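The values are calculated or read from the model by the stated rules, or taken from the named source; none is laboratory data. Here the structure is a predicted model, which is why all the values come from computation and not from measurement. Backbone-built Cβ (ideal geometry, glycine too); neighbour counts: all protein chains shown.
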Amino acid sequence: MAEPISTPVKPPFWNNPQVRAILFQAIALVVTVAFGLYVFDNTQTNLRRLGIASGFDFLSSPSGFDVVQSLIPYSPTSSYGRVFWVALLNTLLVSALGIVLATLIGFVIGIARLSKNWLISRLALVYIETFRNIPLLLQIFFWYFAVLRAMPSPRQSLSLGEAVFLNIRGLYLPAPEFQTGFGWVLAAFGLAAALAWLAARWARRRQRATGQQFPILSVSLALLLGLPSLTFWLAGSPLVWQLPELQGFNFRGGWVVIPEMASLLLALTLYTATFIAEIVRAGIQAVSHGQTEASLSLGLNSSLTLRLIILPQALRVIIPPLTNQYLNLTKNSSLAAAIGYPDLVSAFAGTVLNQTGQAIECIAITMTVYLTISLLISLMMNRYNRRVALVER
Amino acid sequence: MNPLKTLTAAAVLLLAASGLAQAGAALNAIKERGFIKCGVSDGLPGFSYADEKGNYNGIDVDVCRAVAAAVFGDAGKVKFTPLTAKERLTALQSGEIDVLSRNTTWTSSRDSAQGMNFTGVTYYDGQGFLVNKKLGVKSAKQLDGATVCVQAGTTTELNLSDYFRANKMKLTPISYDKSDESAKSLEAGRCDVLTSDQSQLYAQRIKLAKPDEYVVLPEVISKEPLGPVVRHGDDDWFDIVKWTLFVMVNAEDLGVNSKNVEEMKKSANPDVKRLLGVEGDKGKDFGLANDWMAAVIKQVGNYGEVFERNVGQGSPLKIQRGLNALWSQGGLQYAPPVR
């Protein structure tokens, strides 16, 4: 007996999970866009009502003020757009130097922290616990208002061989002036670097094949130092040093590291280095002790064990949190505003904003820039992380 | 535009918009709130300075008190917000304060593109230089190569660059957010010179550890008319702040002061009668009480009293009236008539 098969009732479309998923996303999108448009329109209306100019035209008008430190040519007749680049480069300069120095100090201190020598490991501990637990802004103030303010006046500068001068206005260094022919020296250096790289490759292959070692370090150093020096002498010393000289109120000529920059860099470096040291210590301790024992029993000495066995494995643990520290350091560099170092926040989101009154534009630009810098650092560190990460089959 | 950028921009705009949206009709909002939000400096003796008990004093402070007396009949209904030079204009634009009375220079771009209205001039000033006597500098023209401390985001910063450029001198500027930091840097020798409006230089000099070692150079390199500012867009509020100042100048002109104001109500002079609300109704025009002008004079004083008390002979600054004398005495202070 054949029962009539009941035709299944097609569920209404709003009960279809696929349709639902798309529908909810669409609603969410519409609401977000509508909210964004409302905010944008509201702002525009209010700005117009208050008679405040908006848009980015101001970037091309002349700034009219001076900036104390600039890596590119700048004068008060330059545009506000130029101030942006000057400020951005100042931020990048202090961040890049800070990252390099903090990494170096951090690795050294992190390894020292694990030293078997009681004194060294305690000293590292004291340094880490002190600098890690004092707020960064206070440290900047300490270096700027306490330490660097104790320097002598320009006329009583501390000097080193009448070429390097240190006073309250900064550290004055001789600046190199390249004459024609210096290109040859650079070319020689490039050649030396290429040769050293080839030699290293050859040495590595030979060691793999035969087990024989080759003193690659001293050979590379000899190449890198010897070849450029020889060219330098042959080209008739195409480099003169421009010495700083006391003229009137200040030293002129040469390079100057202003105290605002020095104290910011010191504080950022010493603060971030403590975190990096702890990351390095944790990373090393994460490598099983069996690895060390195995390495030692194979006859490697302790420095080779650290360099070839421990650190490569520790780096896998170290890199991700290290990225965070780099991002922190870059973002913390905006504390420059507290001591008048002309970084992006101080010179652009501060002075330019104030002189033009275009708050929304200046802050939007500044936020975008910091976001971009942070994402770029993350991107680079993630790539490096992929290279050192454990490749699993 | 990528989504992250869009998001960032939206967040910024939202923050700004929420601040602006409630600005509305400023005067009504203020009356409803019951007090005036006044932006002053972060500590400038004579202009706006909080004493050890936290009471604010100074010309700029008295202007706000006078406006409060005009609106509420009580000079005490003011809340002061100390602002650095960099914060002040944004604070006014965003509606955080109703009036900015903070030794701010009247310029064309602030009046136009930046959406503000200057209500008058409380103090005619000019930019000068403060140096240590030990440097042996007698004129600003000798400052070639000097390191100069200056407050960031001020007209002073611009004039300084202009002056050094026009005289073909090399300049190293150090810009700080706070005037106190500039003063400390001058004392420490981080900079050779401190530049600011002359009135400020005198005020900052008395804050230094050894004021006698410093001297203000004779050159005045700019015009700095300082006055109260309101946001563009509410004419009623603009009128009240503007006329509060005019009332104070007119009162000095007519010889009315805080002590004789009650007596003067009996005066036969029609100008005085109108000023003190005895004749006509000058309150209705502004939407205020009929005797608001009298309240301003009684509670705060006329312009001359305010000047002498804060920066003149009654103060440690001992600044001469100079340009700030009444027009009838060779100065620039002049107010349109009340009628």
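Considering the stretch B:292-321, and only residues there that are more than 16 Å from residue B:57 (Cα to Cα) and without any contact (Cβ under 8 Å) to a residue 40 or more places away in the chain, the residue that is surrounded by the fewest Cβ atoms within 10 Å (Cβ to Cβ) turns out to be B:320.
Looking for whichever is under 19 Å from the mean Cα position of the chain (by Cα) and away from chain A (no Cβ under 14 Å) here; the options are B:219, B:224, B:252, B:263. Which one fits? B:224 is the lone residue from the list that is under 19 Å from the mean Cα position of the chain (by Cα) and away from chain A (no Cβ under 14 Å).
Being closer than 30 Å to residue B:78 by Cα, in contact with a strand residue (DSSP E or B) (Cβ under 6 Å, 6 or more places away or on another chain) and touching a residue at least 12 places away in the same chain (Cβ under 8 Å) is the requirement here; does residue B:122 meet it? Against the criterion (closer than 30 Å to residue B:78 by Cα, in contact with a strand residue (DSSP E or B) (Cβ under 6 Å, 6 or more places away or on another chain) and touching a residue at least 12 places away in the same chain (Cβ under 8 Å)), residue B:122 qualifies. Of everything in the stretch B:83-114 that is in a loop (DSSP other than H, G, I, E, B) and modelled with pLDDT of 90 or more, the residue that is nearest to residue B:226 (Cα to Cα) is B:106. In this structure, residue A:125 does satisfy being modelled with pLDDT of 95 or more, more than 16 Å from the chain's Cα centre (by Cα) and part of a helix (DSSP H, G or I). Is it fair to say residue A:107 is in contact with a Ser or Thr (Cβ under 6 Å, 6 or more places away or on another chain) and either crowded, with 17+ Cβ neighbours inside 10 Å or at pLDDT 95 or above (or both)? No.
Of the strands (runs of 3 or more DSSP E) lying entirely inside the stretch B:145-202, those containing at least 1 residues that are under 26 Å from residue B:109 (Cβ atoms) and facing chain A (nearest Cβ under 7 Å) span B:172-176.
Within the stretch B:288-316, the set of residues being assigned to a helix (DSSP H, G or I) and small (Gly, Ala, Ser) comprises B:294, B:295, B:304. Please list, ordered by first then second residue, the pairs with beta carbon atoms under 6 Å, 6 or more apart or interchain, first in the stretch B:81-93 and within 7 Å of chain A (Cβ to nearest Cβ), second of a type in the set (A, V, I, L, M, F, W, C). So the pair list comes out as B:86/B:152; B:90/A:359. Can you confirm whether residue B:131 is assigned to a loop (DSSP other than H, G, I, E, B) and either over 19 Å from residue A:350 (Cβ atoms) or within 14 Å of another protein chain (Cβ to nearest Cβ) (or both)? Answer is no for this residue.
Taking first residues from the stretch A:61-72 that are farther than 8 Å from residue A:86 by Cα and at the interface with chain B (Cβ under 8 Å from one of its Cβ atoms) and partners that are in a loop (DSSP other than H, G, I, E, B) and polar (S, T, N, Q), the Cβ contacts under 9 Å between residues at least 6 apart in sequence or on separate chains come to A:64/A:77; A:66/A:75. Assessment of the stretch A:80-91 against the conditions (over 23 Å from residue A:350 (Cβ atoms) and either in contact with an Asp or Glu (Cβ under 6 Å, 6 or more places away or on another chain) or more than 14 Å from every other protein chain (Cβ to nearest Cβ) (or both)) yields no matching residue. When B:136, B:120, B:126, B:153 are checked against the criterion of being within 16 Å of residue A:154 (Cα to Cα) and of a type in the set (Gly, Ala, Ser), B:136 stands alone in meeting it.
Within the stretch A:105-122, the residues that satisfy the criterion of being assigned to a helix (DSSP H, G or I), over 11 Å from residue A:278 (Cβ atoms) and touching a helix residue (DSSP H, G or I) at 6+ places or on another chain (Cβ under 6 Å) are A:105, A:107, A:112, A:120, A:121. Here the condition is being assigned to a helix (DSSP H, G or I), touching a residue at least 24 places away in the same chain (Cβ under 8 Å) and either among the aliphatic types (A, V, I, L, M) or at positive phi (or both); of A:353, A:306, it holds for A:306 alone.
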